[in-house]
Amino acid sequence: MIESTAIRYFRAVTESGSIKQAAASLRIAPSAISRQVQAIEEELSVKLFERGARGMTLTDAGHLLYRYAIENRNQLDGIRVKVQEFDTLRRGQVKIATVEGMLANFLSNFVIDLANDYPGISISITVLGSRAVAETVGHNGVDLGLVFGRSPRRDLIELARMRQSLCLIVSPRHPLAGRDHCSVKDLAGLRVVVPDISFGIRQEIDRACAGSRIGLEICNETNSLAFAQTLAARTDLATFLPRDTAMPSLQAGLLVAVPLRDERLEATQVTLVQLAARNMSPSGRLVADLLVGRMKAIKD
């Protein structure tokens, strides 16, 4: 459709060797092709074909025009592929497995913005622990994964990392709520609700407490970070989360985040991973690129 009719008919005559054969391949009348070829010759004031017993052969001018016609066709084919890919880029489903901490603020904002910019792309979110996220990505069950900490598998590519320092999360009424920061030693004997041992957050807290030789009074253990926040907001129990995870409750004034001054806890991070061998769809590549850009732009 984009290529002119005259050039298309000219190419057909050149490649078939006669107007009759070109007309048969295009399923049109020979007179229609003759008129188009004649129109090009009149416009350029040149002769394009030599007519002979063995058919039609190109003149020097005809060879020059044929090279242009082939280059033009190749360019149009390239444009067609790019346009089709661009259309595909804006449609499809992308599957993401993630740790729960990314849901409340980071991923919810990302999905909302993506829906506004690319309404044809749907996102499927599965919430798992870090190890399970890595396993699901490794078994090709999802396109992308967000794990707490570094990738635990060598067959996964780390696309981006985002700092997610752990904070002490308490209600505004808690005795520690007014502190500028706390050290791990300040937490000795603190009554807490903590994620269960499958969470990377819990593993980091346990290591930090062991390193400082202090103990926490674990009153509740849960596999739901949302539940831990609810208890912290309504009781004197504290919990541990990245600031971004608790952001909606912090902004609502239900909770307070107190920075923890500990080298290890300040360096915790979330990593975007992909299976090295996975063949990503255009929409999957787009979502991955957008996530990488957003993660790099966020300052903890």
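Condition check: closer than 30 Å to Ala276 by Cα and touching a strand residue (DSSP E or B) at 6+ places or on another chain (Cβ under 9 Å). Does Gly200 satisfy that?
Working: closer than 30 Å to Ala276 by Cα: yes; touching a strand residue (DSSP E or B) at 6+ places or on another chain (Cβ under 9 Å): yes.
Against the criterion (closer than 30 Å to Ala276 by Cα and touching a strand residue (DSSP E or B) at 6+ places or on another chain (Cβ under 9 Å)), Gly200 qualifies.
Can you pull out every residue in segment 53-80 that is of a type in the set (Val, Ile, Thr) and touching a Lys or Arg at 6+ places or on another chain (Cβ under 8 Å)?
First pass over segment 53-80, keeping only residues of a type in the set (Val, Ile, Thr): 57, 59, 70, 79.
Thr59, Ile70 - these are the residues of segment 53-80 that are of a type in the set (Val, Ile, Thr) and touching a Lys or Arg at 6+ places or on another chain (Cβ under 8 Å).
Restricting to segment 142-169, count the residues that are closer than 15 Å to Thr98 by Cα and either open to solvent by less than 40 Å² (accessible area, probe 1.4 Å) or of a type in the set (S, T, N, Q) (or both).
We begin by selecting, within segment 142-169, every residue closer than 15 Å to Thr98 by Cα; these are 142-152, 156, 158-162, 164.
Filter once more, keeping what is either open to solvent by less than 40 Å² (accessible area, probe 1.4 Å) or of a type in the set (S, T, N, Q) (or both): 142-149, 151, 156, 160, 162, 164.
Residues in segment 142-169 being closer than 15 Å to Thr98 by Cα and either open to solvent by less than 40 Å² (accessible area, probe 1.4 Å) or of a type in the set (S, T, N, Q) (or both): 13 in total.
Just one of (1) in contact (Cβ under 8 Å) with a residue 12 or more places away in the chain; (2) more than 20 Å from Ile96 (Cα to Cα) trips up Val270, so point out which.
Failed condition: (2).
Quick one: count up the residues across segment 154-174 that are in a loop (DSSP other than H, G, I, E, B) and in contact (Cβ under 8 Å) with a residue 60 or more places away in the chain. Walk me through it before giving the result.
Filtering segment 154-174 for residues in a loop (DSSP other than H, G, I, E, B) gives 154-155, 164-165, 171-174.
Subset that is in contact (Cβ under 8 Å) with a residue 60 or more places away in the chain: 155, 164-165, 171-174.
Adding up the residues that qualify gives 7.
Among the residues of segment 44-72, what is the count of those that are under 15 Å from Lys20 (Cα atoms) and among the small types (Gly, Ala, Ser)?
3
Among the listed residues Ser31, Ser4, which satisfies the condition of being modelled with pLDDT of 90 or more, open to solvent by 50 Å² or more (accessible area, probe 1.4 Å) and among the hydroxyl-bearing types (Ser, Thr, Tyr)? Let's see the steps before the verdict.
Working: Ser4 fails: modelled with pLDDT of 90 or more.
Exactly one residue qualifies, and that residue is Ser31.
When you check Val194 against the structure, is it modelled with pLDDT under 95, under 32 Å from the mean Cα position of the chain (by Cα) and either β-branched (Val, Ile, Thr) or under 19 Å from Ser130 (Cβ atoms) (or both), yes or no? Walk me through how you get there before you give the answer.
Numbers: modelled with pLDDT under 95: no; under 32 Å from the mean Cα position of the chain (by Cα): yes; either β-branched (Val, Ile, Thr) or under 19 Å from Ser130 (Cβ atoms) (or both): yes.
No: the conditions fail for Val194.
For Ile125, are the conditions met, namely being modelled with pLDDT of 95 or more, within 31 Å of the chain's Cα centre (by Cα) and farther than 21 Å from Arg261 by Cβ?
Numbers: modelled with pLDDT of 95 or more: yes; within 31 Å of the chain's Cα centre (by Cα): yes; farther than 21 Å from Arg261 by Cβ: yes.
Against the criterion (modelled with pLDDT of 95 or more, within 31 Å of the chain's Cα centre (by Cα) and farther than 21 Å from Arg261 by Cβ), Ile125 qualifies.
Got a sec? Which of Ala104, Ala69, Ala23, Ala12 is touching a Ser or Thr at 6+ places or on another chain (Cβ under 9 Å), in a helix (DSSP H, G or I) and open to solvent by 30 Å² or more (accessible area, probe 1.4 Å)?
Numbers: Ala69 fails: open to solvent by 30 Å² or more (accessible area, probe 1.4 Å); Ala23 fails: open to solvent by 30 Å² or more (accessible area, probe 1.4 Å); Ala12 fails: open to solvent by 30 Å² or more (accessible area, probe 1.4 Å).
Going through Ala104, Ala69, Ala23, Ala12 in turn, the sole match is Ala104.
Of the residues that sit in segment 118-141 and are within 20 Å of Ala104 (Cβ to Cβ) and part of a loop (DSSP other than H, G, I, E, B), which one is most open to solvent (accessible area, probe 1.4 Å)? Don't jump to the end; show me each part of the working.
First, pick out the residues of segment 118-141 that are within 20 Å of Ala104 (Cβ to Cβ): 123-130, 132-133.
Filter once more, so that each one left must be part of a loop (DSSP other than H, G, I, E, B): 128-129.
Working: Leu128: 56, Gly129: 25 Å².
Restricting to residues being within 20 Å of Ala104 (Cβ to Cβ) and part of a loop (DSSP other than H, G, I, E, B), the top hit is Leu128.
I want to confirm something. Restricting to segment 45-65 and keeping residues that are more than 17 Å from Glu15 (Cβ to Cβ), at pLDDT 90 or above and more than 51 Å from the chain's Cα centre (by Cα), which single residue is surrounded by the fewest Cβ atoms within 10 Å (Cβ to Cβ)?
Ser45
Which pairs turn up if I take residues in segment 188-203 that are farther than 13 Å from Ala232 by Cβ and look for partners that are polar (S, T, N, Q) and open to solvent by 30 Å² or more (accessible area, probe 1.4 Å) with beta carbon separation below 6 Å, at least 6 apart in sequence or on another chain?
Partner pairs satisfying both residue conditions: Asp196/Asn223.
Taking into account only those residues within segment 198-251 that are hydroxyl-bearing (Ser, Thr, Tyr) and open to solvent by less than 20 Å² (accessible area, probe 1.4 Å), which is nearest to Asn105 (Cα to Cα)?
Kept after step one, since they are hydroxyl-bearing (Ser, Thr, Tyr), are these residues of segment 198-251: 198, 212, 222, 224, 230, 235, 239, 245, 249.
Next, from what is left, pick out any that are open to solvent by less than 20 Å² (accessible area, probe 1.4 Å): 222, 239, 245.
Working: Thr222: 20, Thr239: 18, Thr245: 6 Å.
The residue in question is Thr245.
The values are calculated or read from the model by the stated rules, or taken from the named source; none is laboratory data. Fair warning: this is a prediction, and the values are worked out from it, not measured in the lab. Glycine also receives a Cβ, built like all others from the backbone with ideal geometry; neighbour counts cover every protein chain displayed. Surface accessibility is based on the protein's heavy atoms, side chains included, excluding ligands, DNA and RNA. Shrake-Rupley method; radii C 1.70, N 1.55, O 1.52, S 1.80 Å.
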